[in-house]
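Asks: For reference, the structure I am asking about is given below.
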Amino acid sequence: MTAPAAAGAAGASIGGRASGPSRPWRALNRAYHGRRRLGIGSLLGLPLTWMLVIYLGSLVLLVVSALYELDPVTQKPTTTFTTANLTSAFTEWDTVWVVIRTAGVALLVTIICFLISVPVAFFVSKVAWRWARRGIVVAMLLPLWAGYLVKGYAWRAMVSPAGNQFAAAGRGGGGFLESTIGWTPGYGRVAIVVTLVYFWLPYMVLPIYAGLDRLPVSLLDASGDLGARPLRTFRSVILPLLLPSIAAGSIFTFSLSMGDYIVPQIVNQGEERFLFGSVINGVLGAPNQPLAAAFTLWPLLIIILYLLAMKRLGAFENL
Amino acid sequence: MRLSLPARIALCLVTIATLLFLYLPLVVVARLSFNPAKSVAWPGWSGYTTEWWSKAWESDAPREALLNSCKVALVATVIALVLGTLAAMAMTRFGFFGKDVVSFLLVLPIALPGIVTGIALQNTFSRTIDLGLFSFKVGFGFHSLVIAHATFCVVVAYNNVVARLRRSSPNLLEASADLGAHGSQTFRYITFPLVRSAMLAGGILAFALSFDEIVVTTFTAGSGFQTLPQWILANFSRPQNVPLVNVMATFVMIVSIPLAWLAQRLSDGGDTGAGR
Amino acid sequence: MVSLALVATACGDDDEETTATEAPAATEAPGATEAPDATEAPDATEAPDATEAPAATEPAGEVDYMWTPNADLVAGAEGQLNVIAWAGYIEDGSTDPAYDWVTPFRDLTGCEVNVKLGNSSDEMVQLMQSGEYDGVSASGDATTRLIQGGEIAPIDVAEFSSYADVFEGLKLQPWNSLDGEPMGIPHGRGANLLVYNTEAFPEAPDSWGVMFDGGTAADGAVSVYDSPIYIADAALYLKATQPDLGIENPYALDQAQFDASIALLESQKDLAGQYWALYTDQQAALEDGSVLAGTTWQVIVNLAQSNGALIDAVKPVEGATGWSDTWMLSSQAANPNCMKLWMDWIASPWANSQVAVWFGEAPSNAKSCGLDGMAEHCEIFHAEETDYWNDVWYWQTATEECLDGRTDVTCVPYTEWVNAWTELRS
Amino acid sequence: MASERSQVPAIQLVRLRKTFGRDGHDSHQVVAVDDVDLEIGEGEFFSLLGPSGSGKTTVLRMIAGFELPTGGAVLLGGQDVTRTAPYDRDVNTVFQDYALFPHLTVQQNVEYGLKVKGVGKAERRRRAGEMLESVRLGSFGKRKPHEMSGGQRQRVALARALVNRPKVLLLDEPLGALDLKLREEMQVELKSIQHEVGITFVFVTHDQGEALSMSSRIAVFNHGRIEQVGAPREIYDHPATSFVAGFVGTSNVLDPVTSARVLGVDATHSVRPERIRLVAVGSAGGRVDDGEVSVDGTVVDVQYLGAECRVRVQLDDSSAHLLASVPSDGLAGVSPGGPVRLAWSRRAAFTVTATDLDDHSADHLGAELQQGGDEQ
């Protein structure tokens, strides 16, 4: 008959080179058994402390620092409380207008990304030859790796406008677009939007692709079987099911566009401070740290509200 | 869903156009790195020189910046992996009050615009923090960059590991304990091997994220420490160095492509242990 | 004199050029490395800024740097220093091997130089407030803020051998001293010039009216400096064109004067084709002809001309704003000895002349102009002409207490300038 | 087998209780296991049977040590292990999804338990090899789990647990993922393995047929409580409660009103369909034997199941339905809408305690009707 397991365990020593945990380890392991809170605490303690102390703490400090007055001569924050910075950030029409404009651009970028992503993702996941799918997905991902500045710089070289009759020798041709197709948006708003779309497009394509990939073909067939034309199927079946994926993608396209200030610097060659990021950067450099802190409350609020809205749509499970 | 042939062709064309849109600028930069002139004007296909490549090779500043970027990214990635994996294990193994808040907190650094994160961290690091018993100042330098980068890289590591753990059978850890393995053994023989490739994929992504970061870096880098993106940004405003920027940009692209491919493979593949 | 070699290297970095320029040749100093045709551009000789570069091809390495480091400071040298500087103020030969005043400094003192480029005075102040840097090349519109903010440590001139040679007119100015004590070492000065395209303006313009009134070929293609301090340029123009406003000093504006300046800047938006914050933006625009006139720095003119841009620059009749930069030591400097050595070095005759030629400004060290090949540079930049600088209004920080001595009104402080500029630009 | 063993039960559950939900908030709490007392003897093949959500799996997980009881105690071989960690219990588990380690080979999976206990390499290789042989997977050692079929994985999971020679083997619906044919094969195999190794098997299932065919004893769970413990025949023939009657096999449960009318006893009764005869169809008379009771009704539905048919009858003067299982060849003239008379032995009807059958198990019951009585 079978030897009881205890004998099996005793047999351990026979095998030599016992690999069981040493005594202190055993004690520690036993201490954790059944103690759920201890388990959660020791796993989550370090990351949570890090995020709370370093990140959330910094955000709180930032908000607090918006409440201090700026010394007009030395331009350093004083220890006097004031609400002037908040007033200036939230009631001055010029500021609010830039915020609206920036949110508008971020939304526009998000919508354009969405409009491009859906047909592309649909093609890759449902139409393209099976062997090509993976390749196309990787191909979509690779430019993400080329580096933010590299790509920004690339767009500068793309849209660089042609010189006029006063241009120096060799400077008449303009960038790639001008010299090959004879047209370029030039530096400015269009270039900003195009560049932002370029930057964040893969962030939208990927979640939508993943979402479509999870969507069984039978569902689409069923819809077609019930008499829905493809567009109807798209609107009534695909779109609602894709909503979490779209929401996840839009977090990136929206919030990354919202805070950008490098792109306007690279492809906007000194027109007005088009995006709010540039304004914040300008104020910070003024230097007016408290006012800059007050200004950052705008994107902070907008993004947190946006995140909460997207979370309701289930975006976080699709990030 | 049956699509008509024209619809399929249209979708295919949109995809091709998108790929062109994604790659054309990169090709332009790569081509410009061989351009004899120093401007961003398109040379056509006439001029060609490898002068900039050899200059970049000899130049100290970009090489040092590249090295700095690698150092920061490496250390930040390691920290992010530890924090992200711990968080992922906690979040998949336990249900607890405030779990939503934790996941929100983890996503926040990457979702908030870099300029907000940057200013917030700069503000904190530059302060002398008085805790009564002792006071300290984080200050700026290699360490401040690592802290900042690790903070927004955590979510990348976390996402990868969580995805892997969610795809794995929830019973694996219980099975291990059931077979007599203590917590430490279970981690060593089961949990770690399971998430290893996900960690590697997350690590590569975190590395790339850190390596490429410019906004938060601008705010949290100290004096005398320059990463490659900082070097590139600084040299946008130095006309003499524009060709070197092209070279470094092209170099980074060439190096990162195999890495990207590897990360993609690792995060897709791996055994999932779904049981059935 | 061994120092003949000094500007020789300015000719270029490859052998071909060094030998080719045996005879004195007009060179648009800094960038002329790759395009020999640009160096020979016929217009170049007419350019007032063109740097004379006699081609004495003496071997490098035997250069007399005309500076002996302070032994006490060298003894305490920390091995490195971190400084904030304007682009072009610190060159280690990586941009152009002919311009390198960092390597000799490192060899002489053992101090590595780490540079953070400041894109504007405002940014420099912000960076200095972080306390991370040992020093800064501060313009007059930054120094007041820095000194008042306690960022700057006073200097003991005895530690600086170069100080004695600095032009008297630059010493103990309001922007580089506190209560009669020097707060830094003057570095050089220059005027903000009016740049114009020589094709669009066959006849050189002589008034800032090109930028404010319009009616010229440059309408819609005017390039404006994107900084709050530019409000002073508008005020300076109003000072000449609307005397009844009573502007005495463009940095001392009461509310009415300030509002008039802002109104002028608002109307300028129709003429503007570019607001530049990065000097390369303006340089590129000058080269491709999208900008036909604008406020500029000499260094930009030099760089653009070396790329073949058909441009020139003048100081208009209304006078000009300008800068007198000062190297200052941070009160929180981690490497004070290296910083002091650097300040002394940069104001010494050889290094000072290198910077002046590269950047395109008047040197601060009187002996610099005595170096071979420097005479013409000093003449072009009016280094030794006191009169020239009379109508140059060096950047200063506006304060509530009017800088022109008025006591019956309060002036608009610089923070308001910043707010007004932010509003204007958004 | 030593006699002393049988005196100490392999497993004892004493007033075992488990609630889920937020601590300290009674209103949110769900009682999963409610004061369960149970003794499982050495060498038994014991099944925990019940619908999903009835608490049987939670009991199993508490025996294994994966869940801490909210109250009560778990004793293994007379020893209190209530708060002992899983790795310190002589118990092994076969999981529903097998939980094979995906990154390890089959051989490594089986060796795992020995390895973490420090058994030497040669020894554990030998024992794992033997174990794999005994589940007829001797040549599969180098494969990865995902390269195996469902049945093979199931046997690997079994081997991985048994190689540790546990005192008790816990099986959590191990056959649930297999198709019908394979499942029947494995039932036989499991039974023979249990016979061979002679250790206690605790088998969780919601499939009453499986439980009846394999077990030495069965505990029927409902709503966190044990409704009945007994040998399969006892459970089937004498269900203690209406729930057991309905859940194990198919049963007609007569409420007290109907019982009073038909049987003359005012209590809930249960009758198995196969005990009911069709004594008369239409006007044709049939004989009701002594000791039999009879009722009249109308045929609602006839379900053909091959060897037999199930006839659903609505009783006259009542809304109650009865199900009769009759041989297919005795169905002449039976058609929906026609009158019938049903009869059964008084001894076939037995009193049960009325317990509720929740919706879920009702569905399950419906499914059981399809399979008919072939489990018996």
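The values are calculated or read from the model by the stated rules, or taken from the named source; none is laboratory data. Note that the structure is a prediction, hence the values are computed from the model and not measured. Cβ placement follows ideal geometry from the backbone for every residue including glycine, while neighbour counts extend to all protein chains displayed.
A quick yes/no check of all residues on (1) buried (at least 22 other Cβ atoms within 10 Å of the Cβ); (2) hydrophobic (A, V, I, L, M, F, W, C):
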{"residue": "D:Glu147", "(1), (2)": "no, no"}
{"residue": "D:Val197", "(1), (2)": "no, yes"}
{"residue": "D:Val202", "(1), (2)": "yes, yes"}
{"residue": "D:Ser215", "(1), (2)": "yes, no"}
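Asks: Identify, by number, the condition in (1) surrounded by fewer than 24 Cβ atoms within 10 Å (Cβ to Cβ); (2) within 14 Å of chain A (Cβ to nearest Cβ) that C:Pro97 doesn't meet.
Replies: If we test C:Pro97 against (1) surrounded by fewer than 24 Cβ atoms within 10 Å (Cβ to Cβ); (2) within 14 Å of chain A (Cβ to nearest Cβ), just (2) comes out false.
Asks: It is to be established whether one or more residues within segment A:224-235 are surrounded by fewer than 17 Cβ atoms within 10 Å (Cβ to Cβ), more than 11 Å from chain B (Cβ to nearest Cβ), more than 22 Å from the chain's Cα centre (by Cα) and under 20 Å from A:Ala315 (Cα atoms).
Replies: Yes.
Asks: Of the residues C:Gly319, C:Gly360, C:Gly373, only one is at positive phi and either crowded, with 24+ Cβ neighbours inside 10 Å or within 16 Å of the chain's Cα centre (by Cα) (or both); which?
Replies: It is C:Gly360.
Asks: Answer yes or no as to whether B:Leu194 is in contact (Cβ under 8 Å) with a residue 12 or more places away in the chain, within 14 Å of chain C (Cβ to nearest Cβ) and either under 24 Å from the mean Cα position of the chain (by Cα) or outside any helix (DSSP H, G or I) (or both).
Replies: No; evaluated as a whole, the condition is false for this residue.
Asks: Moving to a separate point now. Please report, ordered by residue number, the helices (runs of 4 or more DSSP H) entirely within segment B:1-109 with at least 2 residues that are surrounded by 22 or more Cβ atoms within 10 Å (Cβ to Cβ) and either at the interface with chain A (Cβ under 7 Å from one of its Cβ atoms) or at pLDDT 90 or above (or both).
Replies: B:5-32, B:60-93
Asks: Within segment C:176-199, how many residues turn out to be in contact (Cβ under 8 Å) with a residue 40 or more places away in the chain and more than 19 Å from C:Asp134 (Cα to Cα)?
Replies: 12
Asks: Go through segment C:252-287 and give me each residue that's within 24 Å of C:Thr397 (Cα to Cα) and within 14 Å of another protein chain (Cβ to nearest Cβ).
Replies: C:Ile262, C:Leu265, C:Glu266, C:Gln268, C:Tyr275, C:Trp276, C:Ala277, C:Leu278, C:Tyr279
Asks: Mind counting the residues in segment D:46-84 that are touching a helix residue (DSSP H, G or I) at 6+ places or on another chain (Cβ under 6 Å) and assigned to a loop (DSSP other than H, G, I, E, B)?
Replies: So the count comes out to 6.
Asks: Sort through B:Ala150, B:Ala157 and tell me the only one that's within 13 Å of chain A (Cβ to nearest Cβ) and either within 30 Å of D:Thr105 (Cβ to Cβ) or without any contact (Cβ under 8 Å) to a residue 60 or more places away in the chain (or both).
Replies: Unique residue meeting the criteria: B:Ala157.
Asks: Could you list, in sequence order, all residues of segment C:147-165 that are out of contact with any helix residue (DSSP H, G or I) (no Cβ under 6 Å at 6 or more places or on another chain) and within 13 Å of C:Trp327 (Cα to Cα)?
Replies: C:Ile147, C:Ala153, C:Pro154, C:Ile155
Asks: Let me spell it out: the conditions are (1) within 14 Å of chain C (Cβ to nearest Cβ); (2) crowded, with 20+ Cβ neighbours inside 10 Å; (3) part of a helix (DSSP H, G or I), and A:Ile192 meets all of them except one. Which number is the exception?
Replies: Every condition holds for A:Ile192 apart from (1).
Asks: Within 21 Å of A:Lys76 (Cβ to Cβ) and modelled with pLDDT of 85 or more: which single residue out of A:Leu308, A:Leu291 fits that description?
Replies: The unique qualifying residue is A:Leu291.
Asks: Return the pair list, or none, for Cβ contacts closer than 6 Å from residues in segment B:115-129 that are more than 19 Å from B:Val146 (Cβ to Cβ) and free of Cβ contacts under 8 Å to residues at least 60 places away in the same chain to residues that are of a type in the set (Ser, Thr, Tyr) and in a helix (DSSP H, G or I), at least 6 apart or on different chains.
Replies: The qualifying pairs are B:Val116/A:Thr296.
Asks: For segment D:105-126, what are the residues that are within 9 Å of another protein chain (Cβ to nearest Cβ) and assigned to a helix (DSSP H, G or I)?
Replies: D:Tyr112, D:Gly113, D:Leu114, D:Lys115, D:Val116, D:Lys121, D:Ala122, D:Glu123, D:Arg124 - these are the residues of segment D:105-126 that are within 9 Å of another protein chain (Cβ to nearest Cβ) and assigned to a helix (DSSP H, G or I).
Asks: Can you pull out the residues in segment A:108-159 that are at the interface with chain B (Cβ under 7 Å from one of its Cβ atoms) and in a loop (DSSP other than H, G, I, E, B)?
Replies: A:Gly147
Asks: Pairs under 8 Å by beta carbon, first residue assigned to a loop (DSSP other than H, G, I, E, B) in segment D:135-147, partner modelled with pLDDT under 90 and among the β-branched types (Val, Ile, Thr), six or more apart or different chains?
Replies: Close Cβ pairs (under 8 Å, with a partner that is modelled with pLDDT under 90 and among the β-branched types (Val, Ile, Thr)) amount to D:Val135/D:Ile193.
Asks: Has segment C:198-209 got any residue that is under 25 Å from C:Glu266 (Cβ atoms) and under 17 Å from the mean Cα position of the chain (by Cα)?
Replies: Among the residues of segment C:198-209, not one is under 25 Å from C:Glu266 (Cβ atoms) and under 17 Å from the mean Cα position of the chain (by Cα), which makes the answer no.
Asks: So which residues in segment B:110-128 are among the polar types (S, T, N, Q) and more than 7 Å from every other protein chain (Cβ to nearest Cβ)?
Replies: B:Thr117, B:Gln122, B:Thr128
Asks: Residues in segment A:225-242: is at least one part of a helix (DSSP H, G or I) and under 28 Å from C:Thr280 (Cβ atoms)?
Replies: No, segment A:225-242 contains no residue that is part of a helix (DSSP H, G or I) and under 28 Å from C:Thr280 (Cβ atoms).
Asks: With D:Arg183, D:Arg143 as the choices, which residue is in the same structural domain as D:Leu114 (by TED's automatic domain parsing), at pLDDT 90 or above and among the basic types (Lys, Arg)?
Replies: D:Arg143
Asks: Please work out which one of (1) more than 14 Å from chain A (Cβ to nearest Cβ); (2) buried (at least 20 other Cβ atoms within 10 Å of the Cβ); (3) among the small types (Gly, Ala, Ser) is the condition C:Ser290 fails and give its number.
Replies: With respect to (1) more than 14 Å from chain A (Cβ to nearest Cβ); (2) buried (at least 20 other Cβ atoms within 10 Å of the Cβ); (3) among the small types (Gly, Ala, Ser), C:Ser290 is out only on (1).
Asks: Hey, another quick one. Under 7 Å by Cβ, and 6 or more places apart or on different chains, what pairs join a residue from segment D:228-252 that is at positive phi and touching a residue at least 40 places away in the same chain (Cβ under 8 Å) with one that is surrounded by 21 or more Cβ atoms within 10 Å (Cβ to Cβ) and basic (Lys, Arg)?
Replies: D:Gly249/D:Arg272
Asks: Where in segment C:277-358 are there helices (runs of 4 or more DSSP H), lying wholly inside it, with at least 2 residues that are polar (S, T, N, Q)?
Replies: Fully inside segment C:277-358 and qualifying: C:279-288, C:298-306.
Asks: Okay, next question. Restricting to segment B:197-225, name every residue that is within 22 Å of A:Gly277 (Cβ to Cβ) and more than 12 Å from the chain's Cα centre (by Cα).
Replies: Within segment B:197-225, B:Val215, B:Val216, B:Thr217, B:Thr218, B:Phe219, B:Thr220, B:Ala221 qualify.
Asks: Only one of these is part of a helix (DSSP H, G or I), more than 29 Å from A:Thr95 (Cβ to Cβ), within 25 Å of the chain's Cα centre (by Cα) and in contact (Cβ under 8 Å) with a residue 60 or more places away in the chain: C:Trp389, C:Trp393, C:Trp421, C:Trp417. Name it.
Replies: After ruling out the rest, the residue left standing is C:Trp389.
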